[in-house]
Amino acid sequence: MKNIFKFKNKLALVGTIIITVLIFTAICADFLVSEDPRTIDLQGAFSLPSSKHLFGQDQNGADIFSKIIYGAQTSLLVGFSTVLISLIIGTFFGTIAGYLGGIFDQLIMRAVDIFMAFPGLLLAMAISALMEPSIYNIIFALSFSGWVSYARIVRSQVLSLKQFDHVLAAQSLGASRRRIIFYHILPNALGPLIVAATFGIAGAIIGEAALSFLGIGAPPTVPSWGAMLDQGRQHLLDFPHLATYPGIAIMLAVLGFNFVGDALRDRFDPKSHME
């Protein structure tokens, strides 16, 4: 059992390092690369990795390394923004459903059931297809149904926590609903929400990559790992480096958040240690 924990701790450390590097890369992109990812150099199209172009050049002669670095900004912006918006909306409706109950609970949870009946990515694809390519439209499309999972988590936590002695004591002392919710219930529900949000960022990164891969995500002027995969797919046998590097970037980003999410789940859910 101890060996398992040590292994999980190492994975959490690896995930933390990956996330830290990604965030640092996204923030300092302007200082890390000198090549503009939108620069077109047709003479250097399909060039293999070299000392000047570490990851080579794509079909337009753009530097792939620069596009990977700036693509981190796109992925993290979509990932964090989508989760933040979904978390706020889900927490709001989940709290109302769990604390007030009755007709509010029925209406909100039936709406959640309707959203859950459609695959989230498929719904995001349908919304994105109706809108022009934009980072903000991607965030909206992924958040449109992304809040339902957080609403279910918050509702279950509120239903459990509102029966605790300290909450009942606060109610008997005449504490307002707002104080009970914000001081006695929601702080104790943060653990599962943090875990879900960590996994949610990884899911949003994949969602953005998938939409951009299909051509209904980021606009052509915005570097995106998914769009790079789509472009590299057309030359996979001749010039595999076009798709290899963005694929590795997506894999590492998702693995990093999943590793940290697993560690947080073990931290906030003692029962998982028994598995």
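Since every read-out is calculated from the coordinates, none of them should be taken as a lab result. None of these values were measured; they are calculated from a predicted model. All Cβ positions, even for glycine, are placed from backbone atoms using ideal geometry, and neighbour counts span all protein chains on display.
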Checklist entry - If only one of L190, L159 is over 19 Å from Y136 (Cα atoms) and free of Cβ contacts under 8 Å to residues at least 40 places away in the same chain, which one is it? => result L190
Checklist entry - Given A196, A227, A243, which one is farther than 30 Å from R38 by Cα, aliphatic (A, V, I, L, M) and in a helix (DSSP H, G or I)? => result A196
Checklist entry - Of all residues in the stretch 35-64, how many are among the hydrophobic types (A, V, I, L, M, F, W, C) and touching a residue at least 40 places away in the same chain (Cβ under 8 Å)? => result 4
Checklist outcome for this item: Of those in the stretch 57-72 that are among the polar types (S, T, N, Q) and surrounded by 19 or more Cβ atoms within 10 Å (Cβ to Cβ), the residue nearest to P37 (Cα to Cα) is S66
Checklist outcome for this item: For helices (runs of 4 or more DSSP H) lying entirely in the stretch 82-164, having 3 or more residues that are surrounded by 21 or more Cβ atoms within 10 Å (Cβ to Cβ) and on the phi < 0 side of the Ramachandran plot picks out 135-161
